[in-house]
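See structure below.
The values are calculated or read from the model by the stated rules, or taken from the named source; none is laboratory data. Source: prediction; values computed, not measured. Don't worry about glycine lacking a Cβ; one is built from the backbone with ideal geometry, like all the others, and counts go over all protein chains shown. The area values use the complete protein model at the heavy-atom level, side chains included, leaving out ligands, DNA and RNA. Shrake-Rupley method; radii C 1.70, N 1.55, O 1.52, S 1.80 Å.
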Amino acid sequence: MAGADSVLRVRDLKVHFPVHDGVLIRRQTGSVKAVDGVSFEVGRSETLGLVGESGCGKSTTGLAILRMTPLTEGRIEFEGQDISHLSVRRMRPLRKRLQMVYQDPYGSLNPRMKVGDLIGEPLVIHGVAGDQDAYRARIQELLRLVGLRPEMAERYPHEFSGGQRQRISIARAVALNPTLVLCDEPVSALDVSIQAQVINLFQELQERLGLSYLFIAHDLAVVRHVSHRIAVMYLGRIVEVAPRDLLYRAPLHPYTRGLLAAAPLPDPSAERSRAHEEIVGEPPSVVNPPSGCHFHPRCPMAMPVCAQRAPELTAAATGHAVACHLHDPSRALDIAASGLAA
Amino acid sequence: MQRPVLEVRNLAVEFGAGAGRVRAVDDVSFEVNPGETLAIVGESGSGKSVTALSLLRLVPTPPGRFCSGEILFEGEDLLKASDAAIRCIRGNRIAMIFQEPMSSLNPALTVGLQIAEPLQLHGRLPWARAFDKARELLTRVRIPDAARRVNTHPHQFSGGMRQRAMIAMALACKPNLIIADEPTTALDVTVQAQILSLLKDLTKETNAALILITHDLGVVARYADRVCVMYAGRVVESGSAQDIYANPRHPYTLGLMASIPRLDQDAVDRLTPIEGQPPDLAALPKGCAFEPRCRYAMDRCRDERPTLEHEGGRHYRACFANVAC
Ligand SMILES: Nc1ncnc2c1ncn2[C@@H]1O[C@H](COP(=O)(O)OP(=O)(O)O)[C@@H](O)[C@H]1O
Ligand SMILES: Nc1ncnc2c1ncn2[C@@H]1O[C@H](COP(=O)(O)OP(=O)(O)O)[C@@H](O)[C@H]1O
Ligand SMILES: [Mg+2]
Ligand SMILES: [Mg+2]
């Protein structure tokens, strides 16, 4: 999927926020390593799902790609161009092809603008609105594309339900024919019956327009459904990447396994027969993360090395990579010796 | 047959007046037995929280109004009880846990003090004993280092630990009924699993009844014995969790099941959503509120509102259509 035809390439991305104390004389006392060495690619017309619990750095990763937060280290390539150091101004022409949709369909739309103008705004900003007729026709076309009626152009956002507002945000995002859309929890605030409508819309648009998505979410079932490949994040790092069905059928990282076990299935019979092995504790603070593998204090399989050294993300099978000492080929012998492989 | 702890009959609660009048809870009936977990499931605005708040008469009146119904708790109608009697039941024989624990915790007081207070008040324990009890309870809800934590303030707790403290507080007076309104919606999935299994274990130990309000069909499947499905203020289907999932009989329940992406199955090409928009409580149709979105709708559904009818066993539904599944 990824490779030569990748739309987005992220290499060793780090975003660290300084932490200060002192009121009069501010001293930097540490840093929040919100994103700490993340690498991935998104292929053309591909959806890469990014999952993990709150605070693991998903949104910050998205903001760094949009160049809306400074990056500490690493490289971001969009359509082959290095955008790691572009200013907001130099980013602007690229933003035609790199768009986003956020979780909050209430906060992200200007309540004083009519829906038609909201959808047309990107066209105006980028100077591609054309004459009045062309502009109107394009707005009508976009409304239909996202499943709204053309006459809705004359209404205001507050007249719409949450699902419809999310359709409006999507129409705005696709107005300029982007190649990549970053979606940050785009269906998390919606009720399930409406969520399904919006998920279907994302998939239809991908097929019709050849879009690529970086799809950020915490709901594992939603991510399984929409993604081609999935990356699991924990405390600023990617711990596992795999094609979607493989990740769910054969998860390798103890954190991925724990996440999947924690998520309840909508099936009472299956739930009754299922072992509910719990991950203990809560995600620790990013200000002072655990040494070595960040997950080791909560990991049921932790070994001494896990507290000492952070495991690298390494290939375990085609398209399946994991960052875990249990799956480090060079350690296979030690693990066998300690009986943990059984 | 054991006697239910709580029986709700034909409860109706309204807000507002004139064109803005909404019936948030409409003709709702259900019961819970000791040791049983009843889930109330439904999408936002379906009346779950108003139902929960009604049970303890915590709905603000005005703007709210109880229009009809009975809430029989251990045989006594709470809608007719005096304010003093209700205050005595709240937090004592019926406890409530909310989604946002900080809304019920006092940031200025230590956690221990807040747990000890009802024990001293309702349980008539001397302060020192109540305080020991608070420490025991924090240990029971598996808060690590409880002896020290009992003297700390809520803001020093993580989200999951606050919810554990809320559970400790809820359990303090050994209530016969616990109402938990979306207790884990704000928490991550690993912490959610810990909190809900804790709640389930502790209620099992004390044989308390648990009403678990949620919008998550996975949570219902894992933790509930019985389920009420709500839509636009009404219960549209109820039954054992096994029955509701294996044999849903209301078109809305069927629609919900088809809408959810599955974690336990290979991805399908497309989900099957429920078409249309959520209902507007201020402008409900004359007939069934789900009719505009229903695939099985008939003429009768537009004119007449179906009531909850017995389907066999403990299965009830409010629908005229013949639903094949
Ligand atoms: N501007 C900022 N300054 C300091 N810390 C931040 C900032 N933005 C995010 N963080 C911290 O970075 C971590 C990751 O946040 P975020 O990317 O929002 O996580 P997610 O989207 O996975 O929930 C969190 O601990 C958050 O508090
Ligand atoms: N304090 C209130 N004032 C006016 N209307 C209210 C109030 N609380 C609830 N409602 C009405 O009751 C409906 C049901 O609310 P609620 O029980 O909170 O839904 P749920 O918990 O299922 O999401 C809301 O849509 C709203 O119209
Ligand atoms: Mg986020
Ligand atoms: Mg509610």
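Things to note:
- Pairs with C-alpha atoms separated by more than 27 Å, drawn from the list A:Lys114/B:Lys48; B:Lys48/B:Lys80; B:Lys48/B:Lys200; B:Lys133/B:Lys204, are A:Lys114/B:Lys48.
- Size of the A/B contact, given as accessible area buried on both chains, probe 1.4 Å, in Å²: 4000
- If you bin all the Cα-Cα distances of the stretch A:111-175 at 5 Å, starting from zero, the percentages per bin are 4, 20, 34, 26, 12, 4, 0.
- The alpha-carbon of A:Lys58 sits under 29 angstrom from the alpha-carbons of these lysines, leaving out residues fewer than 8 places away in its chain: A:Lys14, A:Lys33, A:Lys96.
- Value of [θ]222 nm, deg cm²/dmol, for the protein assembly as shown, DSSP H segments ≥ 4, -39500 (n - 2.57) each, nearest 500: -9000 deg cm²/dmol
- Percent carbon-and-sulfur accessible area, the protein assembly as shown, ignoring ligands, DNA and RNA, probe 1.4 Å: 51
- Nearest 10 degrees, 0 to 90: helix A:162-174 Cα axis against chain A principal axis: 80
- As a length-normalised measure over Cα pairs under 8 Å and 6 or more apart, the relative contact order of the stretch A:111-175 settles at 49 percent.
- Straight-line reach from B:Lys174: taking Cα to Cα under 12 Å and skipping same-chain neighbours fewer than 8 places apart, the aspartates and glutamates in range are B:Glu205.
- Loop-located trypsin sites (Lys or Arg not before Pro) in the stretch B:52-146 (DSSP state not H, G, I, E or B) with no more than 11 neighbouring Cβ atoms inside 10 Å: B:Lys80, B:Arg124.
- Buried on complex formation within the stretch B:208-240 (loss of at least 50 square angstrom of accessible surface versus the isolated chain, 1.4 Å probe, ligands and nucleic acids ignored): B:Ala221, B:Arg222.
- Per residue value of the accessible surface for the stretch A:111-175 (all protein chains in place, 1.4 Å probe), Å²: 47
- Percent of Cα pairs in chain A per distance bin of 20 Å, from zero to the largest separation: 28, 54, 17, 1.
- At q = 0.14 Å⁻¹, base-10 log of I(q)/I(0) for the stretch B:60-150 (Debye sum, equal scatterers on each alpha carbon): -0.68
- With N counted as the residues of chain B, its alpha-carbon radius of gyration over 2.2 N^0.38 Å works out to 1.04.
- DSSP-loop chymotrypsin sites (Phe, Trp or Tyr not before Pro) across the stretch A:24-110, with at most 16 other Cβ within 10 angstrom: A:Tyr106
- Estimated FRET transfer efficiency (A:Glu121, A:Val19; beta-carbon r; R0 60 Å; 0.05): 0.95
- Alpha-carbon radius of gyration plus Dmax, which is the widest Cα pair, for the stretch A:1-155 in Å: 19.3, 59
- Between B:Ala282 and A:Glu312, the FRET efficiency from the beta-carbon distance, with R0 = 51 Å, is close to 0.30.
- Sequentially through the stretch B:262-277, phi angles give Karplus couplings (6.51, -1.76, 1.60; θ = phi - 60°) of 9, 7, 9, 9, 4, 4, 8, 5, 9, 6, 10, x, 7, 5, x, 10 Hz, Gly and Pro residues having no value and appearing as x.
- DSSP assigns beta bridges within the protein assembly as shown; of those with both partners inside it, close to 60 percent run antiparallel.
- For chain B, built as a Gaussian network whose Cα springs stay under 10 Å, the top-fluctuating residue of B:Asp27, B:Asp266, B:Asp280: B:Asp266
- Dividing the C-alpha radius of gyration of the protein assembly as shown by 2.2 N^0.38 Å, with N its residue count, gives 1.02.
- Label-point separation, A:Val88 to B:Ala246 (7 Å along Cα→Cβ), nm: 5.9
- Accessible area per residue, Å², chain B with all protein chains present, probe 1.4 Å: 42
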